[in-house]
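Here's the structure we're looking at; comments come further down.
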Amino acid sequence: RYEPTWGSLDARPLPAWFDEAKFGVFIHWGVFSVPSFGSEWFWWYWQKEKREPYVKFMDTNYPPGFSYEDFGPLFTAEFFDPNQWADILNASGAKYVVLTSKHHEGFTLWGSKYSWNWNAVDVGPKRDLVAELATSVRNRTDLHFGLYHSLFEWFNPLFLEDATNAFNTRKFPTSKSLPELYEIVTKYQPEIIWSDGDGNAPDTYWNSTGFLAWLYNDSPVRDTVVTNDRWGAGSICTHGGFYTCSDRYSPGHLLPHKWENCMTIDRSSWGYRRDARLPDYLPIEDLVKQLAETVSCGGNLLMNIGPTHDGRIAVVFEERLRQVGSWLKVNGEAIYGTKPWRAQNDTLTPGVWYTFSPKEGKVNAIFLDWPVSGILELGEPQAKLGETQVKLAGYKELLKWVALGEKGMVIALPQLTPQQMPCQWGWTLQLTDIN
C-alpha cells in the first residue's frame, strides 16, 4: 500500500499502457467556449487583469452589467454528439483522451453536487457531458478515458478567503476541490487524472498526497490510473506520475522520467476562439514533427482541441486529427509501443528522429524532409554488411544502402511520384539488424 507521502507515491510504477500509448487528445470545453474570444482565461483577463481587448469586446457586444455567470445558460451544446466525437478521436489514431471536467472557472461538465447551479446539468446543456463522452468513447473505441480537473477556481469566495489567510485555512479544498475529485473518480472511473491549477498553494493545502494514496490504494481505477505532476506549488516536474513540466514542453533530448508534451493545435489558445485565423492553427507538418520529436525523446504527445459552445469540433480541428490518424496508419509502428533509442536525432542529417521497436528489434528513423537527391545519409546507425535491411514504411521493396565507414549509412530512397508516396508528411525507415 502507498503511504500519503511523495516518497511512497513517487515510487509507484507508471501503468505500462500510458508509455505504450504515445498519443492522446486533450479537449478544453466549458463556459469560456461561449465568448470564445482571446483565450479560455477570458474571465480572468476581463475581470481581474482588465485587459483592453477583453473589456472592449464586452462593452461592444454585451449589455452593461452582463456578468461571466450570464454566459452559463448560453453554453448550450445542442450539436454535441458524443458518438461523432468518439469516432473523430478514434480516427486520429490517439490512444487516450483527456476532457476538461472543470477548468479554473469552476463550472463542472457533470452534475456535481459540490458545484450547485454552476454545472452542465443545472445550467446550459442540462446534460451530463462527462458521462455522455465517457460512454461513447468506451462503447465505440479502445481509447483510455481521462479527465482534467482544476484544483483552484479564480473567483470562488472560499478559495479567495483561504488565499487571504495564506492557505492556513482549508475551506475550499475540503468542501469543493477534493470532494469533486473523489466524485469524478468514483462516478466515471477515469484512467488519467490530469490535475492543474494549484493557485500558488502547496500540496499540503490541497491534501494531494492523501488523495493520491486513496487513488492508488482503494479507488476503482487503482491498478490502471495514471496521474500527472500538477498537485500543488512546487510539485510540477518533481512529483506525481508522468511529468508535464510546463505547457507545450518539448525538451528535444531524452529525459530520465516519463513525460508528456501537452500542446495546442491553435498556437495561442486552449479553448475555441471565434477570432482565430488560419495561420493561428499549426499545419499538419508541424504536428507530425512534434509527435516524432516527442516520442523519440521518451514523451507522449497530448494534442489539444477546443470545441464550440454548441458542441461542435470545428472542421479545422477534425481535419488535423484525421490527418494525424492517416499518418499513423502508415507510420504507427514507429510510434506506438516504442522505446527511445541510444540516439534521439541524427548527427548528420537534421530532421531525423529515432525510435526503437523492442519486439521486432527494429530501429525506426523518422525523416521529415524527403531529400531532393533521393539519397538519405544517416550518421547514427551502424549497419552490418549482408545483414542489415532497410524498409520504407508503406512501401514493399527493400531499399539499397551502403555503409559509411565505422558508423553511418547512405540509403537510396525509391523514386516515387506524389501519388505513390506512402504518406505525405514525414516518412519512416525501418532498419533491422543494426549494431
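Okay, here's what the table says:
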read-out: Segment 250-267, residues that are in a loop (DSSP other than H, G, I, E, B) and hydroxyl-bearing (Ser, Thr, Tyr); value: Ser250
read-out: Any hit, segment 352-370, residues being closer than 12 Å to Asn435 by Cα and open to solvent by less than 30 Å² (accessible area, probe 1.4 Å); value: yes
read-out: Residue tally, condition among the β-branched types (Val, Ile, Thr) and either open to solvent by less than 10 Å² (accessible area, probe 1.4 Å) or assigned to a helix (DSSP H, G or I) (or both), over segment 121-143; value: 3
read-out: Top-ranked residue of segment 342-351 - restricted to ones that are in contact with a Phe, Trp or Tyr (Cβ under 8 Å, 6 or more places away or on another chain) and closer than 12 Å to Leu378 by Cα, ranked as most open to solvent (accessible area, probe 1.4 Å); value: Asn345
read-out: Answer residue from segment 107-137, given it is among the small types (Gly, Ala, Ser) and over 21 Å from the mean Cα position of the chain (by Cα) and is farthest from Tyr148 (Cα to Cα) among those; value: Gly124
read-out: Residue match in segment 217-224 (condition: assigned to a helix (DSSP H, G or I), touching a Phe, Trp or Tyr at 6+ places or on another chain (Cβ under 8 Å) and modelled with pLDDT of 95 or more); value: yes
read-out: Candidates Gly146, Gly199 - the one that is under 17 Å from Ser115 (Cβ atoms), surrounded by 16 or more Cβ atoms within 10 Å (Cβ to Cβ) and modelled with pLDDT of 95 or more; value: Gly199
read-out: Criterion (at positive phi, modelled with pLDDT of 95 or more and surrounded by 14 or more Cβ atoms within 10 Å (Cβ to Cβ)) met by exactly one of Gly374, Gly379, Gly426, Gly332; value: Gly426
read-out: Enumeration of residues in segment 242-253 that are over 14 Å from Val98 (Cβ atoms) and either β-branched (Val, Ile, Thr) or within 15 Å of the chain's Cα centre (by Cα) (or both); value: Tyr243, Cys245, Ser246, Arg248, Tyr249, Ser250
read-out: Among the residues listed as Trp46, Trp29, the single one being touching a residue at least 40 places away in the same chain (Cβ under 8 Å), surrounded by 12 or more Cβ atoms within 10 Å (Cβ to Cβ) and either assigned to a loop (DSSP other than H, G, I, E, B) or not basic (Lys, Arg) (or both); value: Trp29
read-out: Subset tally (residues that are polar (S, T, N, Q) and in a loop (DSSP other than H, G, I, E, B)) for segment 283-318; value: 1
read-out: Single unsatisfied condition, Pro256 versus (1) more than 21 Å from Tyr336 (Cα to Cα); (2) free of Cβ contacts under 8 Å to residues at least 12 places away in the same chain; (3) more than 13 Å from the chain's Cα centre (by Cα); value: (1)
read-out: Options Ala77, Ala86: the member that is within 18 Å of Ala131 (Cβ to Cβ), assigned to a helix (DSSP H, G or I) and open to solvent by less than 50 Å² (accessible area, probe 1.4 Å); value: Ala86
read-out: Members of segment 159-174 found to be assigned to a helix (DSSP H, G or I) and surrounded by 12 or more Cβ atoms within 10 Å (Cβ to Cβ), listed by number; value: Phe159, Leu160, Glu161, Asp162, Ala163, Lys171, Phe172, Pro173, Thr174
read-out: Residue within segment 187-199 that is farther than 21 Å from Lys95 by Cβ and without any contact (Cβ under 8 Å) to a residue 40 or more places away in the chain present; value: no
read-out: Filter pass, Lys95 being open to solvent by less than 50 Å² (accessible area, probe 1.4 Å) and basic (Lys, Arg); value: no
read-out: Some residue of segment 204-213 being open to solvent by less than 50 Å² (accessible area, probe 1.4 Å) and either basic (Lys, Arg) or not in a helix (DSSP H, G or I) (or both); value: no
read-out: Trp270 being part of a loop (DSSP other than H, G, I, E, B) and either touching a residue at least 40 places away in the same chain (Cβ under 8 Å) or open to solvent by 10 Å² or more (accessible area, probe 1.4 Å) (or both); value: yes
read-out: Every residue from segment 389-420 that is open to solvent by 50 Å² or more (accessible area, probe 1.4 Å) and in contact (Cβ under 8 Å) with a residue 24 or more places away in the chain; value: Gln389, Lys391, Gly394, Tyr395, Leu404, Glu406, Lys407, Gln415
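The values are calculated or read from the model by the stated rules, or taken from the named source; none is laboratory data. This structure is a prediction, so every number in the text was calculated from the model and none was measured. All Cβ positions, even for glycine, are placed from backbone atoms using ideal geometry, and neighbour counts span all protein chains on display. Side chains included, ligands, DNA and RNA excluded: accessible areas come from the protein's heavy atoms. Shrake-Rupley method; radii C 1.70, N 1.55, O 1.52, S 1.80 Å.
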